[in-house]
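What follows is a set of notes on a single structure, which appears directly below.
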Amino acid sequence: MIPGRAEAAQQWQEQGYAIVDGLIPEADIDAAADDIARLYGGDTFDNYNQAKGFGDGSPEGKQFRASQFDGMRGFPFAGCPTLNALYVHPNLVAFARAALQDDDVRIYQAAAWGKWAGEINYEQPLHQDGNHSLLPPRMEPGFWHLETFLYLSDVDEDCAPPRLVPNPEATVPYNELYEHEIAATAKRGSLLAYRSDVWHRGSDFGRDDASRFVAVVAFRPASAEWFGYDAFPRLGGSGHWIEFVAGKTPDDLALFGIPRPGHLYWNAASVEAMGAKYPGLDMQPWIDALR
Ligand SMILES: O=C(O)CCC(=O)C(=O)O
């Protein structure tokens, strides 16, 4: 574990959030700049968050507005291999394992989120996320989940930083919570990790030439099947998914529920069929484990 990351993981466990400065080298983020430009350069709106139906309400004040989610796109992204690879970056996965105290973790949500200063009012009320599970939260090893924003651009005070209230266990009346919130500002490559029982919200831009890009990545222990958001198996016939899988390792793919080599699912026929389905995937680890 990179120095300082263990402390950040512990802070997430105990205070409900951590800002992990420089988790991923800026050079790795900058290498994805063309992919981000490509992703948002065309009309790729896909109603990722299924939010379009609930409208925008008043343009004033703190509220959820459908337009706040217009810049969300579901992973993986066509023609964006460097951006896609960030979602399985070893530093990100190592942090998720440390925070969840589990070596076998799954990604259950992956998306990109762009926001631009201007017409949309991004101010939200403080809220907790109840839409990742049908169960009430139990924030303990084995039963918890980890929500993260990997910053793909520098997020300063004027760049619509997420705001949150540390220490979810503290008993503060709702209307006083705003007095305790902090702005999660950080440079690109940093990670905001938060628990769903932490009060948090989106905020608006403070200057009109600003934008903000994050990778939204949520993890769960492999055994905590009750968490979910994206249904990656829907991508089984998708060319974007085949493109992403090329060159990935068994550990990368296990994050999305693809059984590791040696799993009972694998026999000579299923290994061969997997190789045919994903021409860019090195099947050798799966072949070796058959012997
Ligand atoms: O984008 C952000 O800064 C936070 C958004 C958020 O909390 C939400 O949409 O539930």
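Observations, loosely collected:
- Per-residue ³J(HN,Hα) for the range 269-282, Karplus 6.51 cos²θ - 1.76 cosθ + 1.60, θ = phi - 60°, Hz, x for Gly and Pro: 5, 6, 5, 5, 5, 4, x, 6, 6, 10, x, x, 9, 6
- Using a Förster distance of 30 Å, the FRET efficiency for L135-K187 (Cβ separation, nearest 0.05): 0.25
- For GluC sites (Glu not before Pro), the sites in the range 43-152 that DSSP calls loop and that have at most 14 other Cβ atoms within 10 Å are E60, E119.
- Spin-label model distance (nm) - D204 vs A269, 7 Å beyond Cα toward Cβ: 6.1
- Hydrodynamic radius of the chain per Kirkwood, over alpha carbon pairs, in Å: 20.0
- Secondary-structure-derived ellipticity at 222 nm for the chain, considering helices only, amounts to -6500 deg cm²/dmol, per-run term -39500 (n - 2.57) for DSSP H runs with n ≥ 4.
- Among the trypsin sites (Lys or Arg not before Pro) within the range 137-238, those in coil by DSSP and having at most 14 neighbouring Cβ atoms inside 10 Å are R138, K187, R207.
- Modelled spin labels at A246 and D28, positioned 7 Å past Cα toward Cβ, are 2.2 nm from each other.
Here, each number is a calculation from the coordinates, and none is a lab measurement. Treat the numbers as computed from the prediction; the structure is a model and nothing was measured. Positions of Cβ are backbone-derived with ideal geometry, glycine not excepted, and every protein chain shown enters the neighbour counts.
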